[in-house]
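What follows is a short report on a single structure.
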Amino acid sequence: MKKLFAIALILGSLNACSIPTLRATGDMGLIIERAIGRVQVVEHSQNTSLAKIEGLGDLSHASIVYSRDQRYGYVFGRDGGLTQVDILEQKIVKRVIQSGNSIGGAISQDGSLIAVSNYKPGGVKIFATRTLELVADIPAVYGDNKLSKTVGLVDAPGQKFVFSLYDAGETWVVDMQDTHKPVITKFTNTGSLPYDGLITPDGRYYIAGLFGEDGMALLDLWHLEKGIQRIMPGYGRGREPLPVYKMPHLEGWAMAGNRVFMPAVGQHEVVVADATSWKQVGSIPVYGQPIFVMTRPDNRQMWVNFAHPRNDTIQVIDVETMQVIKTLKPGKAVLHMEFTPRGEHVWMSVRDEDRVDILDTESFEVIKSLTVDKPSGIFFTNRAQKIGL
Amino acid sequence: MKTSLLIILLALVTPAQAELTQQRLQELKHLLKHDCGSCHGMTLNGGLGPALLPGSLKDKPDELLFVTIREGRHGTPMPPWKSLLSDDDIKSIIKLLRTPPE
């Protein structure tokens, strides 16, 4: 009897304090504060910042993937740090320094593995999502036992990871169905200096952007036997490319209907290609060299930001007419944008003004600004359910 | 052709450097950290481009750095900065690169 009473008491107190409010994470996200090694936990139902989590090291060029339950963010830092952040408890769960210099990562189809792409020592390391224990180490060896920087790492259906070797001009597909025996298929003719890669939202095509030559390299993951195909040779040919002050990012690369929109390297234009023939069908003149070309989730608009020194501007393109319909000047150094899952708002980082602006994508009005120290990437948890993100 | 360009550039490097304003110096520091940093790492310890820390550059003469920054390196992502940076700017950047980070 006494015991029962005690249990009742415990239950009562549990009710009162231990579970104050249940919360799900579907409307949450993390923003990188690149200069001070911190992330902010935010939510986009009320547009507020909920917490700051410190101690993540060098976050210049950092990116994040989410566990499939959307509770944990895995932050890839420049200094080789891989940090697991609990966005509900708003703290670091675990942090490992897994290399000297890394560039980004991906989470596997089944959510059990995290792969990290490293510049130094060049290669990819794969970790167990739950423990951050090393599962596979894949040095990017080429030529005469040299190590290449790796870029453009993405996850692909069939428990695969795909990435490219910057120095070697290769693309590797790693099959992790047997966790202890990675099966690597190498394509050695990707082209000169692949600088980034992406996978189409359906997970079928991997495309690497090439710095050292015109065109891009395409790999059909349904038909690996076809090998690398060169697409859009000579886009921008005949004109001297402008100096490229920042490498374009291919992630977030826009696909709308049959059309694909991508940043041209060294040109003030967005290239439009047909996604079945992979031929260039047009180009849209824009204000500067595009960095990110991102479609709103309904594919009706494309939002483009630009390289230094034109990074104070955003342009919005109407996909139907392929015209620039709006030019915005949010402030100095607009580095990244993220749409809310259904696209009514877009969040954008204005690095040099320590602000993240939240805009209505129909009226283009700023509806709110948050104070964020040197913000760069903004990552909402709905990425957890998308191939390649 | 290349060598004659180099000689002209070397001649440019030698004259005494005009002092930049404090404000310009701050701008250059910012540029180095964030814009050069987008390829060389925010702490300049390397990224797509090599590390630019004093130790990694100690065997590289000022002239080489000057030409690299001014003209870029053709066939690599290192862009020419001459349309954005004056020669004095570039010399100040080299000084900054030679100074160990605090």
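Which FRET efficiency, nearest 0.05, do residue A:137 and residue A:192 yield, Cβ-Cβ r, R0 30 Å?
So the FRET efficiency works out to roughly 0.65.
What relative contact order, as a whole-number percentage, does region B:22-98 give when Cα pairs under 8 Å and 6 or more residues apart are counted?
Values: 75 pairs, mean separation 18.6, N = 77.
For region B:22-98, the relative contact order is 24 percent.
Using only the Cα atoms, work out Rg/Rh for region A:99-231, with Rh taken as the Kirkwood radius, to two decimals.
My calculation of the ratio gives 0.94.
Straight-line reach only, C-alpha to C-alpha below 22 angstrom: list the lysines that residue A:149 could link to, leaving out same-chain residues fewer than 8 apart.
Residue A:149 reaches A:120, A:125, A:160, A:186, A:246, B:33.
Short version: what are the Cα gyration tensor semi-axes of region A:20-176, square root of 5 times each eigenvalue, largest first, in whole Å?
Here the semi-axes work out to 29, 17, 12 Å.
How far apart, in nm, are two points set 7 Å out from the Cα along the Cα-to-Cβ line at residue A:364 and at residue B:24?
Distance between the two pseudo-spin positions: 3.6 nm.
What does the extension gain come out to for residue A:225 and residue A:24, with contour length at 0.36 nm per residue minus their alpha carbon separation?
Difference between extended and current length: 68.0 nm.
If you count, for every residue in B:29-40, the Cβ atoms of partner chains within 10 Å of its Cβ, what is the mean?
Working: counts 0, 3, 2, 0, 3, 11, 7, 2, 5, 10, 6, 1.
The shielding value for this peptide is 4.
Quick one: go through region B:65-85 and flag any residue whose amide nitrogen is under 20 Å from the point 7 Å out along the Cα-to-Cβ line of residue A:214.
Only B:74-77 fall inside the zone, counting backbone N under 20 Å.
Please give the residues of region A:23-51, grouped as numeric ranges, whose backbone N is less than 13 Å from a label point set 7 Å along the Cα-to-Cβ vector of residue A:373.
A:32-40
Taking only the alpha-carbon positions of region B:22-98 and ignoring solvent, what does the Debye formula give for the base-10 log of I(q)/I(0) at q = 0.13, 0.24 Å⁻¹?
Here the Debye-derived log intensity ratios amount to -0.34, -1.32.
Rounding to the nearest 20 debye, state how big the charge dipole of the protein assembly as shown is about its Cα centre with +1 on each Lys and Arg Cβ and -1 on each Asp and Glu Cβ. List each step's numbers first, then the result.
Working: 53 positive and 53 negative charges, 145 e Å.
Using only the charged Cβ atoms, the result is roughly 700 debye.
Please work out how much length the chain gains when fully extended from residue A:332 to residue A:299, using 0.36 nm per residue of separation minus the C-alpha to C-alpha distance, in nm with one decimal.
This chain segment gains 9.2 nm when fully extended.
Which part of region A:159-186 falls in the paramagnetic zone of residue A:68, meaning amide N under 13 Å from the point 7 Å along Cα-to-beta-carbon?
Taking a point 7 Å out along Cα→Cβ of residue A:68, the residues of region A:159-186 whose backbone N falls under 13 Å are A:159-160.
Regarding chain A, what are the three Cα extents along the principal axes, ordered largest first, in Å?
The principal-axis extents, from largest down, are 87, 52, 35 Å.
At 20 °C and 1.002 mPa s, grab the translational diffusion coefficient of region A:139-193 from Stokes-Einstein with a Kirkwood Rh over Cα pairs, rounded to a whole number in µm² per second.
187 µm²/s
Which residue fluctuates most in the GNM of chain A (Cα springs below 10 Å): A:371, A:190, A:295?
Residue with maximal mean-square fluctuation among A:371, A:190, A:295: A:371.
How high is the relative contact order of region A:99-231, in percent, with contacts defined as C-alpha pairs under 8 Å that are six or more residues apart? Can you show the working numbers first?
On the way: 357 pairs, mean separation 19.6, N = 133.
Result for region A:99-231 is 15 percent.
Using helices alone, I'd like the mean residue ellipticity at 222 nm for chain A: each DSSP H run of four-plus residues gives -39500 (n - 2.57), total over residue count, nearest 500.
Roughly -1000 deg cm²/dmol at 222 nm, from the helical runs in chain A.
What FRET efficiency, computed as 1/(1 + (r/R0)^6) with R0 = 25 Å and r the Cβ-Cβ distance, is obtained for residue B:98 and residue A:49, rounded to the nearest 0.05?
Rounded to the nearest 0.05, the efficiency is 0.05.
For residue A:177 and residue A:281 in one chain, what is 0.36 nm times their gap in residues minus the Cα-Cα distance, to one decimal in nm?
Values: separation 104, 0.36 × 104 = 37.44 nm, distance 3.83 nm.
Roughly 33.6 nm would be gained on extension.
Sequence neighbours fewer than 8 away in the same chain don't count; with that in mind, list the lysines whose C-alpha is under 17 Å from residue B:58.
Reachable lysines: B:91, B:95.
So what is the relative contact order for chain A, in percent, with contacts set as C-alpha pairs under 8 Å and at least six apart?
It comes to 11 percent, rounded to a whole number.
Fewest first, what order do A:127, A:161 take by the number of other Cβ atoms within 10 Å?
A:127, A:161
FYI, it's all coordinate maths here, none of it is from the lab. All figures in this text were calculated on a predicted structure; none of them were measured in a lab. Cβ sites come from the backbone with ideal geometry, for glycine too, and all protein chains shown count toward neighbours.
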